[in-house]
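Here's the structure, in structure tokens; my notes come after.
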């Protein structure tokens, strides 16, 4: 019989070492979009698995970055596939007040000690927290309450390009799993736990107009800006092209068929949203995101409904010509925009790029090149009534009397790859703790206790509780 | 009596030294938009004036970069104000095949030896060529045929911000001048001389939407891209804003009043264009600019008419969000575009930015910030029938039987600052030689002789001829 309290006690004893492990992991950059330190981070992670006692540890090679793999057989009935990611976004955005890879621990009111670093929240913090919790279970002299198959990919921020390859190669091993668990920190800045029962799908691509393809404008390089008088501009062209894709607010997508397959909110979604009506804390979100108002001036659950149920078309970045200081006059030969679509049930991710292509062709913009940066993956959803969802909820309620259940996160994770055949796994995503500012400067994870949210200690205990509750499903 | 032939002979004797002087000048970067080496270049230039025998040489200080100033009194009747610029654009664009500041001399067919470097054409090459020509005149034991006041500014690429300050401070000295001369290389790649009798005006500014000013979108930093579902995008907003400014081709400006004051082509312009009908070499332009077709598929002098007589609105650069490799999902908090307007007679440059502001306000975009990067300056024109124009033409015809006269360049130079009161100077801009790819990678100036165009030697001789012809006006 697994003694959860003994494991909690061991975590309390080990917490300083655990913070050190996390800081070391953070100090090893693993920026997949820039190919910075990724394999070294994988190797470090594999050694951590070895140290804890995982067997069959390896870097499972793919055509891209390896998946860090290991098995911890506890002779238990249930087997958890712990899926996570060891790669992060770049930290090139302005506004960082610390070196994003230094592993700086900073007192921040009202949270106490926080780790301010790229990947602290998304997702090296929760990942290492999870491994720490297993380490303490083992050190407490017990077998874990479930068998654990660990698989952390190094390409989540590249759209999990080669995860299907890994799943195919390890199908036999992964089929032993009863449920997928993604360790995460689900508290908000006021301490409320927000459990998300799903994720949106995503496809990410670049749109580009190059004078060479267009047959108009400069074809080889940017030319003197005075030539605009008699030479076409790929920049103006792209502005006209993009402006056909959304309405004047930028919030309604005008691509034919974009909303056709939207089948949310479902009846169950509506039930969840009704419950959120009284508890959803709009101001907390605005404060955290530094946003003053939501689209169309929506408030409360009306705004939340957009977050949960609306597909989106976003320009993540755009660039052309001279972007340095001062005044260089230039007629650029090329312009590029990084665009993503987020999909909700029952949209099909494979429809995304063809829909954009048809839109461009219909309006007479065949020269716009679509460069797929990732194939993308589908949305995924779990029912609030599923036994594993209830197990997760029960663990959260052990630590907090303030738990909200949201139908989905607006963000994306490749749960659908595990949830669909051949594996068909139910999934759980959660844990105590607060991590914020993913993809933004000064991303952080709360480490210390005593503030409105749990720190690393509470997070690790919650992971132990989740594994324990899984064993009882 | 000035002996032109003796001076030509001296240039032939000195040409190797002259090439060395130019290469040394090129190797000293003077990138005003990036504040790179500008003052060192000014100092180098002042020493060159001293070496030639200029008096009263100095760095005439302004609130920005200094004007390099000197006087060469020949006791002549006529005084030329030789105006030029010693600053250049940045060389940060991709595609350079040599170090842009190395002063690389490269054999290029069919031209022979060319200097491939930032500033080679625009305008350190012609500037040093002009000083070289004076050096040889002096070395030939003669006084120049005219007195020369030399003034080279270091902020032409910043819109000549402080040139009015210099003109005011040196009004007494500059009033001694009879005519302004801007040394330039006016041949095209086939060897034809194209004399431009004017320049367009320019104003250059940044348009910016920042969530903070807008009160919508992320206000402090870019946030996770999944938030697009419920948070406004400054990028979509800017795309909508910019798309209101031009028609679907990007070539007709839709800002109220933009074309109201356009008073070209004038009767004299029409006469010049009629002459160009048979000689304008469309293919040469397309080859040089690497452009396959002109706006609206115009051909021949119809296309040229756009170049000469059309004001333009150009996006020189635009940027927002993540512009690195791969896939960072981000909802940017800010987007910036670098925009310039080119003015033709009789548009008023001071109307430009207020016109844009009115357009934005009228359409309900008060949040768009206009950041003026330079006050700008007006167009300037000389008549084909002016005595100084005829003097210039006569010099060009001394070296080439193939001379075209264009009413204006589409590019801009601050001639209006000298042509308007209190100086009211006529101006001349020209010389033999070929310089191309200003503001583009692999900018070059032909150095060697024997190709379809003149090299540095012919350029320098043509400057001597121009000074000689000025003395006869």
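Quick notes
- For segment B:375-413 versus segment B:435-470, the inter-centroid distance based on Cα atoms is 16 Å.
- Under Stokes-Einstein, with the Kirkwood radius over Cα pairs as Rh, the value for segment B:371-410 at 4 °C and 1.567 mPa s is 103 µm²/s.
- Angle between chain A longest axis and helix A:38-52 axis [Cα atoms, degrees, rounded to 10]: 10 degrees
- All-pairs alpha carbon distance profile, the protein assembly as shown, 10 Å steps from 0, percent: 2, 11, 19, 19, 14, 12, 10, 8, 4, 1, 0, 0
- Cα principal axis extents for segment B:315-365, largest first, Å: 48, 25, 11
- Gyration tensor (Cα) of segment A:300-434, equivalent ellipsoid semi-axes in angstrom: 39, 20, 14
- Segment A:247-335, relative contact order [Cα under 8 Å, separation at least 6], %: 23 percent
- Of the residues B:67, A:349, the one with the fewest other Cβ atoms within 10 Å heads the list, and the complete ranking is A:349, B:67.
- Residue B:401 paired with residue B:260, simple spin-label distance in nm, labels 7 Å along Cα-to-beta-carbon: 5.2 nm
- Nearest 10 degrees, 0 to 90: helix A:124-139 Cα axis against chain A principal axis: 10 degrees
- Per-residue Cβ neighbour rank within 10 angstrom, fewest leading, B:149, B:370: B:370, B:149
- According to the calculation over all Cα-Cα pairs in segment B:164-242, the P(r) per 5 Å bin from zero is 3, 10, 12, 11, 8, 7, 6, 8, 9, 10, 11, 5, 2, 0 %.
- Whole-Å distance, taken between Cα centres, linking segment B:89-157 and segment A:79-112: 52 Å
- Rg/Rh for segment B:405-459 stands at 1.08; both radii use Cα atoms, and Rh follows the Kirkwood definition.
- Counting DSSP beta bridges with both ends in the protein assembly as shown, the antiparallel % (nearest 5): 75 percent
- Taking all C-alpha pairs of segment A:355-473, those more than 17 Å from each other amount to 70 percent.
- Square roots of 5 times each gyration tensor eigenvalue, C-alpha, segment B:224-339, largest first, Å: 40, 18, 10
- Using every pair of distinct Cα positions in segment A:89-140, the Kirkwood expression returns a hydrodynamic radius of 12.6 angstrom.
- Between helix B:456-471 and chain B: long-axis angle, C-alpha atoms, 0 to 90°, nearest 10: 70 degrees
- Separation of segment A:217-253 and segment B:312-346, taken as the distance between their Cα centroids, equals 10 angstrom.
- The same position residue B:299 in the other copies lies at 6.5 nm from this copy, comparing label points 7 Å beyond Cα toward the beta-carbon, shortest first.
- Based on alpha carbons, the Rg and Dmax found for chain B are 23.3, 81 Å.
- For segment A:1-147, the square roots of the Cα gyration tensor eigenvalues, ordered a ≥ b ≥ c, give a/c of at least 1.5 with a/b no greater than b/c, which places it in the oblate category.
- Rounded if a/c under 1.5, otherwise prolate or oblate - segment B:429-473, Cα gyration tensor axes: oblate
- For chain B, the antiparallel share of DSSP beta bridges with both residues in that region comes to about 70%.
- Inter-copy separations for residue B:190, label at 7 Å along Cα-Cβ, nm, ascending: 7.5
- Distance between the pseudo-spin-label points of residue B:362 and residue A:370 (7 Å out from Cα toward the beta carbon): 3.7 nm.
- MRE, 222 nm, helices only [DSSP H, n ≥ 4, -39500 (n - 2.57), over chain A, to nearest 500]: -10000 deg cm²/dmol
- Estimated translational diffusion coefficient (Stokes-Einstein, Kirkwood radius over Cα pairs, 10 °C, 1.306 mPa s) of segment B:14-76: 124 µm² per second.
- Using the Cβ-Cβ distance between residue A:171 and residue A:77 with R0 set to 30 Å, the FRET efficiency from 1/(1 + (r/R0)^6) comes to roughly 0.90.
- For B:224, B:162, the sequence from fewest to most other C-beta atoms within 10 Å is B:162, B:224.
- Shortest-first distances to equivalent copies, position residue B:51, nm, label 7 Å out along Cβ: 6.5
None of the figures in this text is laboratory data; all of them are computed from the coordinates on show. Because the structure is predicted, anything quoted here is derived from the model rather than measured. Glycine also receives a Cβ, built like all others from the backbone with ideal geometry; neighbour counts cover every protein chain displayed.
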